[in-house]
Amino acid sequence: MSLNLGGLGLKVRKFALFSYEVVQWYSFTHQSLSGVEFEDEKIVVANSVLDVKPGYQWRSFSMGLHAPMVFFGLFRMGPIDSHFVYGQPWTTEYSLVRAVLLEYRKQLSMNPVQIYEIYEQGLVEAKVPFKPLWLPLVRLFGPRNANGSK
């Protein structure tokens with residue numbers, strides 16, 4: 001399974017508790033999107049590439065845990081980002097990928113098992129600290145859709 005989460009990094013801002021917004025066009029590639037063509041006001045999918053447009057918003061409980069874990073010395077500082085006190089959470093890209101894929105799973109012909117496999121693979125590739133903690137937490141407490149509904 002191949003995962004490419006763009007070269008320039010993800011630019012997001014936090015606008016409410018556990019709520020985030022993409023502020024710069026963001027692309028990632030995955031073989032599971034091969035042959036899928038889709039476009040709306042939030043995303044574009046073509047040639048195995050999913051582009052997320054600025055303004056896309058999602059909620060993430062796991063990203064909200066980043067600051068307390070850094071503060072208490074359990075987690076290392078995230079990549080420097082002016083929108084986050086302790087740097088951008090390590091799980092940001094994978095939280096976004098998961099949210100987009102869950103929201104559009106029917107249009108993209110994906111099932112939750114595939115989506116969680118992509119999420120887990122991304123955490124491993126990014127060397128996210130405490131990765132065994134994130135997947136069970138997200139499965140248990142995370143929304144089933146990006147808009148926060150179960």
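Listed values, structure above:
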item: Under 14 Å from the Cα of Lys11 - aspartates and glutamates, other chains or at least 8 residues apart; result: Glu21, Asp51, Asp81, Glu93
item: Length released on extending from Gln114 to Lys53, taking residue separation times 0.36 nm less the Cα-Cα span; result: 19.7 nm
item: Gain in span if fully extended, Lys127 to Glu21, counting 0.36 nm per residue against the direct Cα distance; result: 35.8 nm
item: Proximal lysines relative to Lys106, as straight alpha-carbon distance under 22 Å, when same-chain residues fewer than 8 apart are discounted; result: Lys42, Lys53, Lys150
item: Leu140/Arg13 FRET efficiency (R0 25 Å; Cβ-Cβ; nearest 0.05); result: 0.40
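FYI, it's all coordinate maths here, none of it is from the lab. Just so we're clear, the structure is a prediction, and the values are computed from it rather than from any experiment. For neighbour counting, all protein chains shown are included, and Cβ atoms are generated from backbone atoms with ideal geometry for every residue, glycine included.
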